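Trainee: Here it is, the structure in full.
The numbers here are math on the coordinates, done by the rules we state, and not lab data. Everything numeric here is computed off the predicted structure, so don't read it as measured data. Cβ: placed from backbone, ideal geometry, glycine included. Neighbour counts: every protein chain shown.
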Amino acid sequence: MTAILEQAFRGHWGRVLAALIGFLGDFDLAEECAQEAFAIAAARWPRDGAPANPAAWLVTTARNQAINRIRRDRTLAAKTRLLEVPEATEEDMEQATIADERLELLFTCCHPALAIEAQVALTLRTLGGLGTGEIARAFLVPEPTMAQRLVRAKRKIKAAGIPFRVPPPHLLPDRLAAVLAVIYLVFNEGYGGRSELASEAIRLGRALAELMPDEPEVHGLLALMLMHDARREARFTGGELVLLADQDRARWKQPQLREGRAALERALALHGRGPYVVQAAIASLHADEAPDWPQIAALYGELTRLTGSPVVELNRGIAVAEQHGAEAGLEIVDRLALEDFHYLHATRAELLRRLGRNTEAAAAYRRALALVHDDAERRLLERRVAELST
């Protein structure tokens, strides 16, 4: 039953909270009542069994907790209208409504009045269900700093009267960049191990594609997420990370890969040339039996031009190494100011190993080990160091 409760939290936190915020218009009260609903589930489900529709049960329970709390505290005059609302039943909680409210919550969290860091943090907290400590680690800031950031974001939404809704069509393009960035960051957080977050990001991407069918970057992001996620099951073996070149392609989800490529074709048909479309094109080429490294390197070059990101340039260095040899790739990698980025040192180590410079390679692997946080990646790096010692 513990596993069922944990799965319910990971799978339904975002929809429960979105439904409550839409009902109450208050982030803090919604979060408290959602937590109470999950606590009630933890007490009742082991005794009575899990309900047939856990999401509807949780939304119903949380909503009724909110109504009871407001009834107990009559000083909340601004919410007296809710006292006239009858208690909800599970039949009231339609799946389509819950899904729509999650999209509304996403646009609320990504309002341009909030800084991008606050947008991402609030989305991870509300839709992703991540704890403050987890979000702080993702942003590499102390937990109290992140707690204050979340508090300020919620207060700003309330003080500015930011509406809980999907913006009207004429405002959608201006809001799109922030929403896409947040969805992609949620996906990346999930791709590192929280599969329900990756699934939520893909669901939101599909919803956006329906909402904005003529925006190529929406289809590009959806394509990128689908193609990356299609390889999920092949990325780990025995708890150790498996690099793309070594993955068992029989474990890739081919229908999802085809769906991703279809979304990419749609983006290209719309003359998409933005960063997400370019990244999706790269992901598609990586999925080929024999990757076209010159084309991949050229696309990374275009992506560097669009983003100015040294991380993208690092990936171009890897592609150049595949095309022209490790020395050529190392020339690019050694120019990058990414001293605290473990992938830089892992990449340097691999290229140095190929060049037979094993002492330097071992030192670079150890530097990567000092910076890495993921256990699966750490095991891979430790194995690489051990191989150099034999």
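Trainee: Could you list 13, 45 so that the one with the fewest beta carbons within 10 Å of its beta carbon is first and the one with the most is last?
Mentor: With the sparsest Cβ surroundings first, the list reads 45, 13.
Trainee: With angles folded into 0 to 90 degrees, how steeply does helix 216-229 sit against the dominant principal axis of the chain? Use alpha carbons for both and round to 10.
Mentor: It works out to around 70 degrees.
Trainee: Further question: Sort 146, 225, 212 by Cβ crowding within 10 Å, fewest neighbours at the top.
Mentor: 212, 146, 225
Trainee: Nearest 20 debye, what's the magnitude of the dipole of segment 178-244 about its Cα centre given +1 on Lys and Arg Cβ and -1 on Asp and Glu Cβ?
Mentor: Charge dipole of segment 178-244: 220 debye, to the nearest 20.
Trainee: Now for a different question. Only helical DSSP H runs with n ≥ 4 go in: add -39500 (n - 2.57) per run for the chain, normalise by residue count and round the 222 nm mean residue ellipticity to 500 deg cm²/dmol.
Mentor: So the helix-based figure for the chain works out to -23000 deg cm²/dmol.
Trainee: Using only C-alpha positions, report the orientation-averaged shadow area of the convex hull of the chain, nm², one decimal.
Mentor: 21.7
Trainee: Of all GluC sites (Glu not before Pro) in segment 236-333, which ones are in loop regions per DSSP and have a Cβ with at most 16 other Cβ atoms within 10 Å?
Mentor: When the GluC sites (Glu not before Pro) of segment 236-333 are filtered for loop state and at most 16 Cβ neighbours within 10 Å, 289 remain.
Trainee: Find how much the distance from residue 327 to residue 50 grows on full extension, using 0.36 nm per residue of separation minus their present alpha carbon separation; answer in nm with one decimal.
Mentor: 93.9 nm is the gain from fully extending residue 327 to residue 50.
Trainee: Testing the spin-label approximation: label points 7 Å from Cα along Cα→Cβ at residue 147 and residue 39. State their distance in nm.
Mentor: 1.7
Trainee: Okay, next question. Test of understanding: ordering 21, 40 by Cβ neighbours within 10 Å, fewest first, what list do you get?
Mentor: 40, 21
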